[in-house]
1. On the given criteria, is D134 of a type outside the set (A, V, I, L, M, F, W, C), within 16 Å of ligand 2 (Cβ to nearest atom) and buried (at least 21 other Cβ atoms within 10 Å of the Cβ)?
2. Show the residue pairs that are 6+ apart or on different chains and have beta-carbon atoms under 7 Å apart, the first residue being within region 14-29 and under 16 Å from S65 (Cα atoms), the second being hydroxyl-bearing (S, T, Y) and surrounded by 13 or more Cβ atoms within 10 Å (Cβ to Cβ).
3. Among the residues of region 74-132, write down those that are farther than 22 Å from F33 by Cα and of a type in the set (D, E).
4. Could you list, in sequence order, the residues of region 209-230 that are crowded, with 22+ Cβ neighbours inside 10 Å and assigned to a loop (DSSP other than H, G, I, E, B)?
5. D246 is checked against (1) modelled with pLDDT under 95; (2) in a strand (DSSP E or B) and fails just one. What number does that condition carry?
6. Of all residues in region 231-273, count the ones that are under 18 Å from R32 (Cβ atoms), among the aliphatic types (A, V, I, L, M) and surrounded by 18 or more Cβ atoms within 10 Å (Cβ to Cβ).
7. Restricting to region 169-190, count the residues that are closer than 19 Å to E147 by Cβ and in a loop (DSSP other than H, G, I, E, B).
8. Would you please list the contacts, defined by Cβ atoms under 9 Å and residues six or more apart or on different chains, that run from a residue in region 240-260 that is farther than 14 Å from V199 by Cα to a residue that is in a strand (DSSP E or B) and among the acidic types (D, E)?
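The values are calculated or read from the model by the stated rules, or taken from the named source; none is laboratory data. This structure is a prediction, so every number in the text was calculated from the model and none was measured. A quick note on method: Cβ atoms are made from the backbone with ideal geometry, for glycine too, and the neighbour counts reach across all protein chains shown.
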Amino acid sequence: MTRILHVSDLHFGRPAVPLQIDAIEALIADERFDVVAISGDVSQRARAGEFQRAAAFLRDARRVSETIVVPGNHDVAWWNAPMGLGDSGALYADYRAFIDDDIEPVLDVPGARLMGLNTSHGITRRTLTWNMRDLSVLGDVTRAQLERLRTHCEAASPDAARVVVMHHNPVRGELSQRHGLKHTKKVLGAFAEMGVDLVLCGHDHQEAIHFVEHTKKGTVVSTAGTVSSRSRGGRPSSVNSIDLTDGEIHIVTWIWEPTARRFAPGPVKVFTR
Ligand SMILES: [Fe+2]
Ligand SMILES: [Fe+2]
């Protein structure tokens, strides 16, 4: 069995809640997951000091687990190169310096291959919108990225679960009523063709677990809520844990309990793969 802790949207900086960060660190130390996966928005404003605090969190997690992280829209210094004009190297410079030089890492552990997919590109022609609030917020995946992902999937060991780690939610949020990602049908269709078993994402700040049906192969989507003060609709913070067995995917959402100062497990959802 492979055990993954899926956390998202930690937003180190003002929204981070130290008690909740401590509680996740305790959960990681107690449960000793095989992998801790963070699906982006580790910072609030892509500031070096925020990344530094996220890096300390990752360093502690690495003492007991493997880790994989991808950038979220808050982690991209988009103002350095809007529409590709300016210093595009500066978009991820601090993220690369403090978090991971690779913005699309691949991690192999017994039973699973986890593949990072960067959906946070700053302000580009492809995600341009008249809605000012959405500038730099929308997620996107290019054809070249999908081709690279396909290569990673094909090179995975046949019995390994194929897991994509990305920031933007491809399934509409219940409260937000929005997808974070553009062209979700195309992207989810490509995942199914590639035999992706599981997607780990965030961005919506509301936890959700879905099964996306497809003629070729269905995909389980774990959307982790935020661990910060930015939860949607005043809901408590949460994280998801995932157990991968040969034929099944078990997902549990752990909900923040303020009085007990810990994350407590909720009911388990089971899918076949
Ligand atoms: Fe976020
Ligand atoms: Fe986000």
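1. Working: of a type outside the set (A, V, I, L, M, F, W, C): yes; within 16 Å of ligand 2 (Cβ to nearest atom): yes; buried (at least 21 other Cβ atoms within 10 Å of the Cβ): no.
Here the answer is no, as D134 does not meet what is asked.
2. Within 7 Å, the pairs are I28/S65.
3. D75, D87, D94, D101, D102 - these are the residues of region 74-132 that are farther than 22 Å from F33 by Cα and of a type in the set (D, E).
4. A224, G225, V227, S228
5. Going through the list (1) modelled with pLDDT under 95; (2) in a strand (DSSP E or B), D246 breaks only (2).
6. Number of matching residues: 3.
7. So in region 169-190, the residues closer than 19 Å to E147 by Cβ come out as 170, 181-190.
With the extra rule that they be in a loop (DSSP other than H, G, I, E, B), the set shrinks to 170, 182-183.
Number satisfying all stated conditions: 3.
8. What qualifies is V252/D243.
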